[in-house]
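See below for the structure under consideration.
Bear in mind that the values in this text are calculations on the coordinates, not laboratory data. Because the structure is predicted, anything quoted here is derived from the model rather than measured. Positions of Cβ are backbone-derived with ideal geometry, glycine not excepted, and every protein chain shown enters the neighbour counts.
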Amino acid sequence: MRIFKYLTVLIILLGGAYAASMYYFVDESKNFTVEKEIDYPVDKVFAQFNNLQNFTRWNNFLPVHSLWT
């Protein structure tokens, strides 16, 4: 029972030290922006994103890509 109490206090102290270090040492700015110019008309690009069945055919980042083609 004594070991359980020591382990609990140790875990709480380590968690507090981790939280404090993240608060003080990690940069507060977590936002980023990606801007790209697309040389296609907006109507054609929006149609690709609006139709989800068509979106899964050309988007390589979806794991179900191979199931639909």
(request) Restrict the search to segment 1-34; then list the chymotrypsin sites (Phe, Trp or Tyr not before Pro) that DSSP places in a loop and that have at most 11 other Cβ atoms within 10 Å of their Cβ. (result) 32
(message) Taking 2.2 N^0.38 Å as the expected size of a compact globular protein, what ratio does the Cα radius of gyration of segment 1-54 give against it, to two decimals?
(response) 2.47
